[in-house]
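Take a look at the structure below.
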Amino acid sequence: MAKVKIGVNGYGTIGKRVADAVAIQDDMEVIGVAKRKPDFSARFAINKGYALYADSKENEKLFKDAGIEVGGLVEDLVNEVDLIVDCTPGGIGAKNKPMYEKAGIKAIFQGGEEHEVAGFSFNALCNYDGAIGRDFVRVVSCNTTGLCRSLYAIEKVVEIDKVKAVMVRRATDPWDSKKGPINAIVPVLHVPSHHGPDVQTVMPHINISTMAVAVPTTIMHLHCVMVDIKGKVGEEEIIEAFERTPRIILVDGKSGITSTSQIHEFSRDLGRPRYDLYEIPIWRDSVHIKDDTIYFYQAVHQESDVVPENIDAIRAMLEIEKDGKKSIEKTDRSMGIIS
Ligand code: NAD
């Protein structure tokens, strides 16, 4: 079967990872990536064999001046692909949508865009079927992806009454030397935070409220999750449900993982590209039930957990695979995701 043709617009934290994940699939190929600046990442993209496209005429000149060959503009790239994965910063995707519509191609947007930009928010475990054949899909943010995976697992074994969660968010990504905080804890003063409603774009039936604070770290987010349940379930059953669920792994303090630092070291020991951790690690020791509430901590590697979701969204939208479970298994095998 011919491989489907994929373009990536925006080659930053998420875009470079999505391009690499597409490149290792046997049913899709990277036709090109669109970038704004002729920086070191542009040279890496060329070394990987990706055709480069500039986001605008003005910036195309910067590439030429830097001696970096480009295949044209993003407007040219969209005419060569079946689907574009838009990985530009939040809000730019919405502005790019008319370009994709004009070219008559499908597009995936990321979590920085509003739900309405695509009209369908995606998590492979929760709603793969709903994305089949769609023209526009939004892969939800890293935090929402993490919450959707663990709530999906819990729902398999017990009815959820309501969820409360606190997101302890990393200040920025490791490459970014400009943002903070570097010595403060910054509460999101819009209470409840947007994360709860964002989960509801995928799981509308879940009653969830969230709060969030940003802390001076770059490696991961951490969630404190409290799930009120209707019905009886044991801690072991919840742990087993997490163990059975793809893209979730259990970690524990007894084996020396007592913070996101050790999870980061664990990722480095796995030896994956960029030390990525596509799975959501949940602390086994933290899973506790008291008065019909399940408590646990989970962490989120913000740079990478959404990457396999983008691959599954491509398969669903281009109808390469109608069975979500099979797509998840194929993606996970190719990326070495622990299941
Ligand atoms: P980023 O800033 O790391 O990368 C964005 C890239 O797009 C940069 O290389 C930038 O130069 C480029 N760009 C900017 N404007 C452009 C344009 N008009 N055309 C083409 N390229 C352009 O951003 P990111 O972290 O990769 O975020 C991308 C999307 O993914 C956002 O919606 C974000 O909310 C979402 N997301 C980010 C994370 C994360 O933690 N970094 C996690 C999940 C989802």
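The values are calculated or read from the model by the stated rules, or taken from the named source; none is laboratory data. Quick caveat: nothing in here was measured; it's all calculated off a predicted structure. Using ideal geometry, Cβ is built from the backbone for each residue, glycine included, and neighbour counts are taken over all protein chains shown.
Of the conditions (1) surrounded by fewer than 21 Cβ atoms within 10 Å (Cβ to Cβ); (2) touching a Ser or Thr at 6+ places or on another chain (Cβ under 7 Å), residue 254 clears all except one; give me its number.
Result: residue 254 passes all but (2).
Can you name the residue in segment 1-39 that is within 15 Å of the ligand (Cβ to nearest atom) and acidic (Asp, Glu) and is also farthest from residue 301 (Cα to Cα) among such residues?
Among them, the one singled out is 39.
May I ask you to list the residues in segment 134-171 that are assigned to a loop (DSSP other than H, G, I, E, B) and in contact with a helix residue (DSSP H, G or I) (Cβ under 7 Å, 6 or more places away or on another chain)? Reasoning before the result, please.
At the first step, the residues of segment 134-171 found to be assigned to a loop (DSSP other than H, G, I, E, B) are 134-135, 140-141, 156-158, 171.
Residues satisfying the conditions are 134, 140, 141, 156, 157.
State which residue is surrounded by the fewest Cβ atoms within 10 Å (Cβ to Cβ) when the search covers only segment 281-329 and only residues that are assigned to a loop (DSSP other than H, G, I, E, B) and either at pLDDT below 95 or polar (S, T, N, Q) (or both).
Only one residue tops the list, namely 302.
Filter segment 257-280 down to the residues that are under 21 Å from residue 148 (Cα atoms) and hydrophobic (A, V, I, L, M, F, W, C), then identify the one that is surrounded by the fewest Cβ atoms within 10 Å (Cβ to Cβ). Walk me through it before giving the result.
The initial filter retains those residues of segment 257-280 that are under 21 Å from residue 148 (Cα atoms), namely 260, 263, 276-280.
With the extra rule that they be hydrophobic (A, V, I, L, M, F, W, C), the set shrinks to 263, 277, 280.
Details: 263: 21, 277: 25, 280: 24.
Going through the qualifying residues, I end up with 263.
Looking at segment 79-90, can you tell me whether even one residue there is of a type in the set (Val, Ile, Thr), away from the ligand (no atom under 12 Å from the Cβ) and either buried (at least 21 other Cβ atoms within 10 Å of the Cβ) or assigned to a strand (DSSP E or B) (or both)? Working first, answer last.
Of all residues in segment 79-90, those of a type in the set (Val, Ile, Thr) come to 81, 84-85, 88.
Those left that are additionally away from the ligand (no atom under 12 Å from the Cβ): 81.
Narrowing the set further to residues that are either buried (at least 21 other Cβ atoms within 10 Å of the Cβ) or assigned to a strand (DSSP E or B) (or both) leaves 81.
Checked segment 79-90: at least one residue is of a type in the set (Val, Ile, Thr), away from the ligand (no atom under 12 Å from the Cβ) and either buried (at least 21 other Cβ atoms within 10 Å of the Cβ) or assigned to a strand (DSSP E or B) (or both).
When the residues of segment 63-78 are narrowed to those that are touching a Phe, Trp or Tyr at 6+ places or on another chain (Cβ under 8 Å), in a loop (DSSP other than H, G, I, E, B) and modelled with pLDDT of 95 or more, which ends up nearest to residue 118 (Cα to Cα)?
Checked segment 63-78; the qualifying residue nearest to residue 118 (Cα to Cα) is 78.
Test residue 49 against the criterion of being exposed (fewer than 14 other Cβ atoms within 10 Å of the Cβ) and within 9 Å of the ligand (Cβ to nearest atom), and give yes or no. Step through it out loud before you land on a result.
Working: exposed (fewer than 14 other Cβ atoms within 10 Å of the Cβ): yes; within 9 Å of the ligand (Cβ to nearest atom): no.
For residue 49, the condition - exposed (fewer than 14 other Cβ atoms within 10 Å of the Cβ) and within 9 Å of the ligand (Cβ to nearest atom) - is not met.
Pull up segment 91-110, narrow it to residues that are surrounded by 21 or more Cβ atoms within 10 Å (Cβ to Cβ) and near the ligand (Cβ under 10 Å from one of its atoms), then point me to the one that is nearest to residue 318 (Cα to Cα).
109
Which residue pairs have Cβ atoms under 6 Å apart, sit 6 or more places apart or on different chains, and have a first residue in segment 287-298 that is under 15 Å from residue 241 (Cα atoms) and a second that is exposed (fewer than 14 other Cβ atoms within 10 Å of the Cβ)?
Short answer, once both residue conditions are applied: 295/288.
Conditions first: (1) exposed (fewer than 14 other Cβ atoms within 10 Å of the Cβ); (2) farther than 16 Å from residue 3 by Cα; (3) among the charged types (D, E, K, R). Residue 26 passes all but one, so which condition is the exception?
Among (1) exposed (fewer than 14 other Cβ atoms within 10 Å of the Cβ); (2) farther than 16 Å from residue 3 by Cα; (3) among the charged types (D, E, K, R), the lone unmet condition for residue 26 is (2).
I'm trying to understand the selection: among the residues of segment 111-141, which are among the acidic types (Asp, Glu) and surrounded by 18 or more Cβ atoms within 10 Å (Cβ to Cβ)?
Looking only at segment 111-141, we keep the residues that are among the acidic types (Asp, Glu), and these are 113-114, 116, 129, 135.
Scanning segment 111-141 gives a single hit, 113.
Rundown of residues vs (1) over 28 Å from residue 262 (Cβ atoms); (2) in contact with a Ser or Thr (Cβ under 7 Å, 6 or more places away or on another chain); (3) of a type in the set (Gly, Ala, Ser), yes/no style:
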| position | (1), (2), (3) |
| --- | --- |
| 273 | no, no, no |
| 277 | no, yes, no |
| 282 | no, yes, no |
| 308 | no, yes, no |
| 312 | yes, yes, no |
| 318 | yes, no, no |
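I need the full set of residues from segment 245-271 which are assigned to a loop (DSSP other than H, G, I, E, B) and among the acidic types (Asp, Glu), in order please. Walk me through how you get there before you give the answer.
The first filter runs over segment 245-271 and keeps only residues assigned to a loop (DSSP other than H, G, I, E, B), leaving 245-247, 252, 256-259, 271.
Answer for segment 245-271, where residues must be assigned to a loop (DSSP other than H, G, I, E, B) and among the acidic types (Asp, Glu): just 252.
Go through segment 252-269 and count every residue that is without any contact (Cβ under 8 Å) to a residue 40 or more places away in the chain and among the aliphatic types (A, V, I, L, M). Reasoning before the result, please.
Initially, segment 252-269 is screened for residues without any contact (Cβ under 8 Å) to a residue 40 or more places away in the chain, giving 252-259, 262, 265-269.
Subsequent filtering for residues that are among the aliphatic types (A, V, I, L, M) retains 257.
The qualifying residues number 1.
Please work out if residue 60 is free of Cβ contacts under 8 Å to residues at least 60 places away in the same chain, touching a Leu at 6+ places or on another chain (Cβ under 8 Å) and not in a loop (DSSP other than H, G, I, E, B). Give the derivation first.
On the way: free of Cβ contacts under 8 Å to residues at least 60 places away in the same chain: yes; touching a Leu at 6+ places or on another chain (Cβ under 8 Å): yes; not in a loop (DSSP other than H, G, I, E, B): yes.
Spelling it out, residue 60 is indeed free of Cβ contacts under 8 Å to residues at least 60 places away in the same chain, touching a Leu at 6+ places or on another chain (Cβ under 8 Å) and not in a loop (DSSP other than H, G, I, E, B).
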